[in-house]
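Have a look at the structure below, then the notes.
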Amino acid sequence: MQQSNGQITVDAIIPTFKPDETLYRLLAALQTQSCPVSKVWVVNTREEGSPDLKAVLEARYGTWVSVNDIPVAEFDHGKARNYGASFSSADYLLFMTQDAVPADDRMVESLLAAFTEESVAVAYARQLPRPNAANLERLSREFNYPNVSQTKCKSDLPKLGIKTYFCSNVCALYSKPLFDHLSRFKEGMIFNEDMLFAAAAIQADYSVVYQASARVVHSHDYSAERLFERYFDIGVSQRQHPAVFENVASSGEGSRFVSWMLQKLIHPVDVFGLFCFVMQTLFKGAGFLLGKNYDKLPLALCRKFSSFPAYWDRNTIVKR
């Protein structure tokens, strides 16, 4: 682990947009970590006329939290996170989303423990479903975030395929020197800034760690329409970066997930769950396929299909 003056420092970077009470539970949990978070940098996407989050958070938390606003028109996933990181001089950067809450007071400590080798660029946490999460979401979290840790490197590509590059900024800890060395997150991304960074790290012979002992509570019960939009954006991001995504297999992981889910829903039989899962799979597949072919669609449809319509307003050049 890198150290500053003999003591490891960790800063958290949290992009926000119209946050609810979950953000305050997240900040409260970060305050009680066994390995302290030195500073929280909030990058708030603020709409005109919205409440002044800066005044609220800095009044409550003092100098421990700093809020920097960006206009809605300037937001993208990589740019907002890079902006927050630009303020930090810590050894490690903890990127989180506003709706993820540490499951215990050792989350940061567990993530730091993954950096046993200098080759580790990033470690991401296990995501647990919320107590009221639907069964399909619980099963999805169980499949994607098992209770066994894993270190992924270039030699795993033939076996793991695209899963080698999987990483989630819902909760992930980055080595600040390597984050800077690898040119931070790519900006102008509609989605997958975390996976693209992980791919760059692995291709540069660094490793990515899934740290199952570091746990956050985070899940969504997305509607079919929302899943369609999300997977459209995933398809777009993969289509725009063929050098990364088209040289690794992705269909095998999807097939394995479908097979695993069907087994869980058939034994014992969950008729309603099966119906919902089939519908979700169809919407995901349709969204992903259209996203992979976004450049053949009218711009108006891209905007309609996407969960990030503002992206298309300022990035029409990607269409041609």
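Numbers for the structure displayed
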read-out	value
Among (1) of a type in the set (A, V, I, L, M); (2) under 28 Å from LEU30 (Cβ atoms); (3) outside any loop (DSSP other than H, G, I, E, B) - the single one MET261 does not satisfy	(2)
Of residues in the range 96-107 being among the aliphatic types (A, V, I, L, M) and in a loop (DSSP other than H, G, I, E, B), the one farthest from ASP180 (Cα to Cα)	ALA103
Enumeration of residues in the range 174-193 that are open to solvent by less than 40 Å² (accessible area, probe 1.4 Å), assigned to a loop (DSSP other than H, G, I, E, B) and polar (S, T, N, Q)	ASN192
Filter result for LYS159 (free of Cβ contacts under 8 Å to residues at least 12 places away in the same chain and farther than 16 Å from ASP205 by Cβ)	yes
Residues satisfying the stated conditions in the range 287-304, i.e. in a helix (DSSP H, G or I) and open to solvent by 40 Å² or more (accessible area, probe 1.4 Å)	PHE288, LEU289, LEU290, LYS292, ASP295, LYS296, LEU299, ALA300, LEU301, ARG303, LYS304
When residues of the range 206-233 are limited to those that are in contact with a helix residue (DSSP H, G or I) (Cβ under 6 Å, 6 or more places away or on another chain) and open to solvent by 50 Å² or more (accessible area, probe 1.4 Å), the one modelled with the lowest pLDDT	ASP221
Check on THR22, surrounded by 12 or more Cβ atoms within 10 Å (Cβ to Cβ), part of a strand (DSSP E or B) and either in contact (Cβ under 8 Å) with a residue 24 or more places away in the chain or touching a Gly at 6+ places or on another chain (Cβ under 9 Å) (or both)	no
Positions within the range 130-165 being in contact with a strand residue (DSSP E or B) (Cβ under 7 Å, 6 or more places away or on another chain) and basic (Lys, Arg), in sequence order	ARG130, ARG141, LYS152
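The rows are residues; the columns are (1) open to solvent by 10 Å² or more (accessible area, probe 1.4 Å); (2) outside any helix (DSSP H, G or I); (3) of a type in the set (Ser, Thr, Tyr); (4) without any contact (Cβ under 8 Å) to a residue 12 or more places away in the chain.
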site: LYS79; (1), (2), (3), (4): yes, no, no, no
site: LEU94; (1), (2), (3), (4): no, yes, no, no
site: GLU109; (1), (2), (3), (4): yes, no, no, no
site: THR116; (1), (2), (3), (4): yes, yes, yes, yes
site: LEU136; (1), (2), (3), (4): yes, no, no, no
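To keep it simple, each residue is scored yes or no on (1) of a type outside the set (Lys, Arg); (2) under 18 Å from SER88 (Cα atoms).
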residue	(1), (2)
GLN7	yes, yes
VAL10	yes, yes
THR22	yes, no
ARG25	no, no
ALA28	yes, no
LYS39	no, yes
VAL43	yes, yes
SER50	yes, no
LEU57	yes, no
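The values are calculated or read from the model by the stated rules, or taken from the named source; none is laboratory data. In this text, all values refer to a predicted model and were calculated from it rather than measured experimentally. For neighbour counting, all protein chains shown are included, and Cβ atoms are generated from backbone atoms with ideal geometry for every residue, glycine included. Protein only, heavy atoms only, side chains kept; ligands, DNA and RNA dropped before computing areas. Shrake-Rupley method; radii C 1.70, N 1.55, O 1.52, S 1.80 Å.
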